[in-house]
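The values are calculated or read from the model by the stated rules, or taken from the named source; none is laboratory data. All values reported here derive from a predicted model rather than from experimental measurement. A quick note on method: Cβ atoms are made from the backbone with ideal geometry, for glycine too, and the neighbour counts reach across all protein chains shown. Only protein heavy atoms, including side chains, enter the accessible area calculation; ligands, DNA and RNA are left aside. Shrake-Rupley method; radii C 1.70, N 1.55, O 1.52, S 1.80 Å.
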There are 2 protein chains.
Amino acid sequence: MRTVAIIGAGLIGQGWAIVFARRGWNVRLYDVQTQGLGGARELIVQQLAELQRYGLLEDVQAAADRVSIAESLQAALAGADYVQENSPERLEIKRAVFAELDQYAEPHAVIGSSTSSLPASEYTESLPGRHRCLVVHPVNPPYLIPLVELCGAPWTSPQTIETARQIMQELGQKPITVRHEIEGFVLNRLQGALLHEAFRLAAAGVASAEDIDTTIKDGLGLRWSFMGPFETIDLNAPGGLADYCARYGGLYQSIGATQSQLVPWDEALVGSLEQQRREQLPASQLQERRFWRDDQLMKLMRHKNQTGDKHGQS
Amino acid sequence: MRTVAIIGAGLIGQGWAIVFARRGWNVRLYDVQTQGLGGARELIVQQLAELQRYGLLEDVQAAADRVSIAESLQAALAGADYVQENSPERLEIKRAVFAELDQYAEPHAVIGSSTSSLPASEYTESLPGRHRCLVVHPVNPPYLIPLVELCGAPWTSPQTIETARQIMQELGQKPITVRHEIEGFVLNRLQGALLHEAFRLAAAGVASAEDIDTTIKDGLGLRWSFMGPFETIDLNAPGGLADYCARYGGLYQSIGATQSQLVPWDEALVGSLEQQRREQLPASQLQERRFWRDDQLMKLMRHKNQTGDKHGQS
């Protein structure tokens, strides 16, 4: 039975604890604010129970029993085969935390950071164990959205990335490799590209925020929930992807030429979008809607488990 | 009981026939190549049977009986309350077809074009009934992907757009309004923005085509199958969309500044992506995989019908 040390027990750390505990790992939970750890563990157990309610977990009690609170960083790391770091997104904090993690973690342990914005090269360069450090970036919540981005620094060893990949796959996550450090990695770059066009269309008055959302959720997003953009176009022309590019490349190049301008997310534009959202969903209902979102994600995960792709990955 | 004239009986025309027939409309199917109409009707009935097999249609025979073949354009249009045009994407063809449609259609009939690339202003300007012409752009297949883009020319009457919207809503489609003509309308502009970043990442060697696809289908695409990008970010910060923009706007602006360059879809890049796709899916299995995609879409539609959003639209 293997052991993970979860360092930082906020929302992301809690999500990781669930991912590991449900697949049989021992989970040691640690946070510098030790007084919050009991509450964090309670929230983890609540979410485990939710997963069971949706048929996504068999034994809540067994999973919950595997999650323990560590009283110190050293206690969390002793005997841990893998370390997942979830401290605040500030460089000086990452530097201090990684120095300690590298000092006290077991020699064989790989150390992954959940950061979405700080590449590993910025806080691991001077560490003796810098070869075993990398970014292991999840989507929130990781127990419902399996995508994980692996991105090493230039000095991260191939074996470290391979180990992280194997661990993530065994956990049921879907790891991808970001081959060199780039701002936003892959996921937020793709999300950003779509968001920028959505903001651009809204700013130009081409469509309402609601209609842009509808275009995704009742249009493009349906196929994208089980196929990526390349497979989508590969199947959308008789001869496959190259055939698609020959047929429609001109149209997309022409569209693309009008998409280079970056629309500032200024007060006027953001204010208009915020107002449109509040007309659809009052601020007082945001939390309720988040529960609805998680309910939808749980049902979608159950659906995808049932209709699983034997051919591809998902 | 209302009647639609479907002009052009290829894949898109067949898809529209299914959308109308399953909701009780009389469907008149016409194509300049009249000899193909019998085959087109057979394919329509086959797809209606598929819908029934997935629990998405109750009475195939009744729906099939509502689909008839018209021997001439005039016969198709006589008594039709709505006209959906699906001729090839060439301006001179659209001009000739729309002139005939406007001449022979009932005075009260709205005329919609399925075009994905030609704005209505380019082929309706000189028509006496130009106020009743607009683009009604579906996604393929429209009986599984409900999004429909409505886009009038400057002279299209508001009543025409409203009538088209009501018809589409009654059919169970999800119409959005593209407020002024723009290349690619909304859907293909959003798809293009994502594709361009996907091509850019592949060209820079940041990730494989397979990993980029995984990032969507096991990451971003899950939420996007029931929420649009604006609702997604609205729920991803405690205070809603404006709060999200305040927290992450800097990151996205910084990412966006590196996304302005348009990567050419040249032989080297397209060839590399085509090769990666063929390693995942040999050309000989493309058709089988398209059946798999439609199977996934049918199951997803059934799933969405069951988990329907009482709060929002989907």
Checking A:Thr232 against (1) within 20 Å of B:Gln173 (Cβ to Cβ); (2) hydroxyl-bearing (Ser, Thr, Tyr); (3) more than 7 Å from every other protein chain (Cβ to nearest Cβ), the condition it does not meet | (1)
Pairs only if they're at least six apart or on different chains, beta carbon under 7 angstrom, first in the range B:33-56 and assigned by the TED database to the domain that holds B:Ser72, second open to solvent by 70 Å² or more (accessible area, probe 1.4 Å) and outside any loop (DSSP other than H, G, I, E, B); list them, first residue then second.
-> B:Tyr54/B:Arg302; B:Gly55/B:Arg302; B:Leu56/B:Arg302
Residue that is nearest to A:Ser117 (Cα to Cα), among those in the range A:135-155 that are more than 8 Å from the chain's Cα centre (by Cα) and crowded, with 23+ Cβ neighbours inside 10 Å | A:Val135
Strands (runs of 3 or more DSSP E) wholly inside the range A:1-111 containing at least 3 residues that are in contact with a Lys or Arg (Cβ under 8 Å, 6 or more places away or on another chain) and among the aromatic types (Phe, Trp, Tyr) = none
Tell me which residues, restricted to the range A:173-187, are within 7 Å of chain B (Cβ to nearest Cβ) and either touching a Gly at 6+ places or on another chain (Cβ under 8 Å) or not acidic (Asp, Glu) (or both).
-> A:Lys174, A:Ile176, A:Thr177, A:Val178, A:Arg179, A:His180, A:Ile182, A:Gly184, A:Val186, A:Leu187
Residue tally, condition among the acidic types (Asp, Glu) and more than 10 Å from chain A (Cβ to nearest Cβ), over the range B:136-170 | 2
For the range A:35-60, enumerate the residues that are open to solvent by less than 60 Å² (accessible area, probe 1.4 Å) and either of a type in the set (S, T, N, Q) or within 22 Å of the chain's Cα centre (by Cα) (or both).
-> A:Ala40, A:Ile44, A:Val45, A:Gln47, A:Leu48, A:Ala49, A:Glu50, A:Leu51, A:Tyr54, A:Leu56, A:Leu57
Mind telling me which of the residues A:Glu279, A:Glu267, A:Glu288, A:Glu210 ends up being touching a strand residue (DSSP E or B) at 6+ places or on another chain (Cβ under 9 Å) and more than 7 Å from chain B (Cβ to nearest Cβ)?
-> A:Glu210
Output for the range A:15-43, where each listed residue is touching a strand residue (DSSP E or B) at 6+ places or on another chain (Cβ under 6 Å) and closer than 15 Å to A:Leu144 by Cα = A:Trp16, A:Ala17, A:Phe20, A:Ala21
Sole miss for B:Leu118 among (1) open to solvent by 20 Å² or more (accessible area, probe 1.4 Å); (2) in contact (Cβ under 8 Å) with a residue 40 or more places away in the chain; (3) part of a loop (DSSP other than H, G, I, E, B); (4) among the aliphatic types (A, V, I, L, M) is condition (2)
